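For reference, the structure discussed in these notes is given below.
The values are calculated or read from the model by the stated rules, or taken from the named source; none is laboratory data. Nothing here was measured: the structure is a model prediction, and the numbers come from that model. FYI the Cβ positions are ideal-geometry reconstructions off the backbone, even for glycines, and counts take in every protein chain you see. Areas reflect the complete protein model, heavy atoms only, side chains present, ligands, DNA and RNA absent. Shrake-Rupley method; radii C 1.70, N 1.55, O 1.52, S 1.80 Å.
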Amino acid sequence: MRSLTRSLTVSPGLTIGLLMVMVWVVTAAFAPWVAPHEPTAMGVGPQTAAPSWGYWFGTDQYGRDILSRVIYGGRYVLAIAPASTLLGLILGTLIGLLAAYGRGWLDEVIMRLLDAIMAFPIVVLALLALTVLGSSTLNVILVIGLVFAPLIARTARSAALTEVRKEYVEAARLRGEGHWYVMVMEVAPNIRGPLMVEATIRLGYAVFTSATLGFLGLGVQPPAPDWGVMVSSSRSLLTTAPWAVLAPALAIAAVVIGFSLIADGLRDREQQ
Amino acid sequence: MLRYTLRRLGMLGVTLLVASVLIFLITAVLPGDIGRIILGPFAEESAVRALNESLGLNDPLVWRYFDWIAGVLQGDWGQSMSLNTPVLPLALERFSRSLALAALAVAMLLPLAIGAGVAAGRRPGGPLDRVLSVVGLGLGAMPEFVTGVLLIVVLGLGLDWFPVQATTPADGSVWAVIHGLMLPALCLVLLLFAYLFRMTRSGMLSALEADYTRTARLKGLPERLVLRRHVLRNALLPTVTVMGAQLGWLVGGLVVVESLFRYPGIGSLLHNAATNKDIPLLAGCTLLVTAVFSLANLAADLVYALLNPRVRDALAD
């Protein structure tokens with residue numbers, strides 16, 4: 001705990017990042033109490049009303065309250081991003097450990113396969129998979145997690161390469177522990193530093209990617225108040241009601257900046 | 001160098017093989033009953049079965065893959081279901097348009113990001129470095145549809161400098177074309193600026209601290225020459241390598257940017273294929289994009305090897 005408080009005071013970026021993310025986490029978690037209106041209720045206000053005391057962020061073309069939609073929209077992003085990152089982290093760590101621990105031809109085969117998967121631009125791969133699987137929140141989580149796994153696997157492998165040569169690994173093997181036990185229980189805890197940094201970076205990208213998929217109409221489906229969906233469905237209002245587009249757009253930017261500040265802070269702490 | 005090139009070409013072959021298998025598995029196996037998807041939920045079961053038979057969907061999987069890839073290699077990329085035209089000519093035509101857009105973006109990006117990185121890296125912690133780092137962080141955090149929207153609001157609608165829909169006048173001059181593509185190209189520049197700027201900046205920092213730079217200074221070389229001959233050459237090496245990887249982001253960005261600005265390139269074609277569930281078109285576009293992306297990565301690696309004498313000499317044997 002003391003190290004946590006110290007790193008918070010040492011690195012202002014980390015503190016600001018955590019605060020930025022926490023604001024969204026808290027408002028999203030308590031959305032029914034924080035949001036002034038129902039997120040999908042139409043006609044709670046006049047159509048495309050400018051921001052005012054009654055409607056802080058204005059209203060959209062259906063008279064929905066944009067502030068409430070942005071607050072509820074945080075629920076999608078803040079559920080999808082951590083869930084998909086966790087999936088990618090588990091999968092990627094296992095693959096990376098296997099490559100580093102297996103060495104030789106196994107390492108070579110795994111890395112070449114990962115190279116091939118990474119030859120796809122991420123958005124294109126996600127587009128392909130979601131078209132075929134159909135768009136649902138669960139599929140978005142699965143697809144982002146799977147797309148991120150090779151990237152995390154690379155980090156896990158390079159961190160584990162130096163670990164697997166250490167004596168505690170051999171000692172564990174001599175004790176008669178199984179390969180998977182050694183990888184997961186002995187090696188994995190020793191590479192958690194770089195993995196945490198990588199996971200935080202991926203969190204930001206997961207927010208980015210899920211918003212992009214929502215914008216392209218392949219992620220969360222309207223009328224759900226997902227931020228990407230909100231930008232795409234209010235696009236035609238740019239001239240008449242720019243706030244309908246700007247509010248969710250800035251919300252995305254705030255969360256991604258928050259995560260990347262946290263990632264930078266963690267990396268600095270890791271390197272000390 | 002020759003051996004290295006051959007080895008990299010071999011790796012490219014493996015990558016493309018695995019990628020093509022992956023595309024095949026996702027588009028041909030995952031969807032399940034293709035005949036049912038094409039004909040819809042109300043079609044007769046016998047019609048579905050007949051269509052599946054005529055499409056060769058009942059053959060063994062390996063056979064179907066080789067059948068498909070043989071066709072691909074001979075230029076038969078199938079028929080788009082939604083547009084009713086052969087996939088390959090359409091994808092190539094759209095791709096050339098995307099190439100124009102991407103070229104304009106890269107032509108603006110490289111001097112901007114590298115110049116900013118060099119300037120910031122020369123005086124780390126100085127006011128310019130701080131401002132550029134914050135700007136870079138902010139830009140890196142904004143998805144391209146967000147920056148695109150901001151560009152449309154400010155430069156398109158507010159100042160009315162550029163058209164908000166990407167247009168390429170058929171008989172226009174080069175300047176007219178550039179003018180029409182300016183907003184989407186700027187959007188791509190903003191998407192890629194942050195990373196490239198950061199790489200150049202950190203390359204500058206490590207090159208400025210290196211022993212060879214100190215030696216060059218101590219032997220009395222003027223600062224300009226130290227920068228040009230010793231610092232820049234080394235500082236730009238990592239930038240070249242990440243440029244290859246950044247092309248993936250560029251392609252992903254094209255999907256969003258072209259859809260936002262309604263520009264008929266390969267990105268918006270991919271998006272349309274996805275929205276219309278046009279699987280042959282989707283498979284074709286993905287294959288083309290992946291192949292080009294892998295080739296660009298190969299080119300970046302080879303340029304890196306050529307520029308870096310240590311790698312070049314190690315490869316010479």
Roughly to the nearest percent, how much of the accessible area of the range A:1-132 is carbon and sulfur, given a 1.4 Å probe?
72 percent
Averaged per residue, what accessible area in Å² does chain A show with a 1.4 Å probe, protein chains only?
44 Å²
Give me the base-10 log of I(q)/I(0) for chain A at each q in 0.09, 0.11, 0.12, 0.14 Å⁻¹, Debye formula, one uniform scatterer per Cα, rounded to two decimals.
-0.50, -0.71, -0.81, -1.00
Could you give the Stokes-Einstein D for the range B:87-316 in µm² per second, using the C-alpha Kirkwood radius, 20 °C, 1.002 mPa s?
111 µm²/s
Among A:38, A:198, A:170, whose mean-square fluctuation peaks in a Gaussian network model of chain A (Cα, cutoff 10 Å)?
A:170
Could you list which residues have their amide H under 5 Å from that of residue B:80, counting only those 5 or more apart in sequence or on another chain, with H placed in the peptide plane?
B:85, B:87
How much of residue B:152 can a 1.4 Å solvent probe reach, expressed as accessible area in Å² and rounded to 10?
10 Å²
Shielding by partners for B:198-209, please: the mean number of other protein chain Cβ atoms within 10 Å of each residue's Cβ.
0
Amide H contacts of residue A:220 (H built 1.01 Å from N, under 5 Å, at least 5 apart or other chain)
A:214
Work out the FRET efficiency for residue B:176 and residue B:46 from their Cβ-Cβ distance, taking R0 = 56 Å, and round it to the nearest 0.05.
0.50
Given the candidates B:116, B:153, B:142, the one whose Cα lies deepest towards the positive end of the charge dipole of the range B:87-316, counting +1 at each Lys or Arg C-beta and -1 at each Asp or Glu C-beta, is B:116
Could you give each residue of the range A:119-124 its phi-based ³J(HN,Hα) in whole Hz, using Karplus coefficients 6.51, -1.76, 1.60 with θ = phi - 60°, and x for Gly or Pro?
6, 7, x, 3, 5, 5
Tell me what chain B gives for mean residue ellipticity at 222 nm when only DSSP H runs of n ≥ 4 count, each as -39,500 (n - 2.57), the sum divided by the residue total, rounded to 500 deg cm²/dmol.
-24500 deg cm²/dmol
With a 1.4 Å probe and every protein chain kept in, tell me what percent of the accessible surface of chain B is carbon plus sulfur.
66 percent
From the phi angles alone, apply the Karplus equation (6.51, -1.76, 1.60; θ = phi - 60°) to the range B:85-101 and give each ³J(HN,Hα) in whole Hz, x where the residue is Gly or Pro.
10, x, 5, 4, x, 4, 4, 5, 5, 5, 4, 5, 5, 4, 4, 4, 4
Taking amide H atoms as placed 1.01 Å from N in the peptide plane, list the residues 5 or more away in sequence, or in a different chain, whose amide H sits under 5 Å from that of residue A:65.
A:44
Surrounding net charge for residue B:289, when Lys and Arg each add one and Asp and Glu each subtract one, Cβ distance under 15 Å:
0
Residue B:85 versus residue B:100: modelled label distance in nm, points set 7 Å from Cα along the beta carbon direction
1.5 nm
Charge tally for neighbours of residue B:205 with beta carbon under 12 Å away, counting Lys, Arg as +1 and Asp, Glu as -1, is +2
Selected from B:218, B:254, B:104 as most flexible by GNM, with chain B as the system and alpha-carbon contacts under 10 Å
B:218
If you put +1 on each Lys and Arg Cβ and -1 on each Asp and Glu Cβ, how big is the dipole of the protein assembly as shown around its Cα centre, in Debye rounded to 20?
1980 debye
Could you work out how far helix A:243-271 tilts from the main Cα principal axis of chain A, as a 0 to 90 degree angle to the nearest 10?
20 degrees
At a Förster radius of 30 Å, what calculated FRET efficiency corresponds to the Cβ-Cβ distance of residue B:29 and residue A:105, to the nearest 0.05?
0.65
Based on Cβ point charges of +1 for Lys and Arg and -1 for Asp and Glu, what charge dipole magnitude is obtained for chain B about its Cα centre, in debye rounded to the nearest 20?
1780 debye
Checked the range B:1-101 against the a/c 1.5 cut and the a/b vs b/c comparison, axes a ≥ b ≥ c from its Cα gyration tensor; verdict oblate
Which whole-Hz ³J(HN,Hα) couplings does the range B:117-125 yield from phi under the Karplus relation 6.51 cos²θ - 1.76 cosθ + 1.60, θ = phi - 60°, glycine and proline marked x?
x, 5, 5, 5, x, 5, 10, x, x
Need the full-extension length gain, residue A:23 to residue A:62, defined as separation in residues times 0.36 nm minus the C-alpha distance. One decimal, nm.
11.3 nm
Can you sort B:8, B:130 by 1.4 Å-probe accessible area, starting with the largest?
B:130, B:8
From the Cα gyration tensor of the protein assembly as shown, with a ≥ b ≥ c the square roots of its eigenvalues, which class applies: rounded if a/c is under 1.5, or else prolate if a/b is larger than b/c, or else oblate?
rounded
With runs of 4+ DSSP H residues as the only contributors, calculate the mean residue ellipticity of chain A at 222 nm using -39,500 (n - 2.57) per run, divided by the residue total and rounded to the nearest 500.
-23500 deg cm²/dmol
Between residue A:268 and residue A:38, how many nm apart are label points set 7 Å from Cα along the C-beta direction?
4.7 nm
Label point 7 Å beyond Cα of residue A:221 along Cβ direction - residues of the range A:104-143 with amide nitrogen under 16 Å
A:130-141
Could you give the size of the charge dipole of chain A about its Cα centre, using +1 on the Cβ of each K and R and -1 on the Cβ of each D and E, expressed in debye and rounded to the nearest 20?
240 debye
Which one of A:57, A:197, A:135 has its Cα pushed farthest toward the positive end of the charge dipole of chain A, where Lys and Arg give +1 and Asp and Glu give -1 at the Cβ?
A:197
Stretch residue A:52-residue A:136 to full length: gain in nm at 0.36 nm per residue minus the Cα-Cα span?
26.8 nm
Buried accessible area for the B:A pair, summed, 1.4 Å probe, in Å² rounded to 100?
3800 Å²
Under 20 °C and 1.002 mPa s, how fast does the range A:83-191 diffuse according to Stokes-Einstein, given a Kirkwood radius computed over C-alpha pairs? Answer in µm²/s, whole number.
145 µm²/s
Answer rounded, prolate or oblate for the range B:77-127, using the Cα gyration tensor with square roots of eigenvalues a ≥ b ≥ c: rounded when a/c is under 1.5, else prolate when a/b is larger than b/c, else oblate.
prolate
Cα axis of helix B:127-140 to longest principal axis of chain B: angle in degrees, 0 to 90, nearest 10?
10 degrees
Determine the per residue accessible area of the range B:87-316 with all protein chains present and a 1.4 angstrom probe, expressed in square angstrom.
44 Å²
Helix B:279-307: inclination vs chain B longest Cα principal axis, degrees, rounded to 10, gives 20 degrees
Per-residue average of other protein chain Cβ atoms inside 10 Å, peptide A:206-216 -> 4
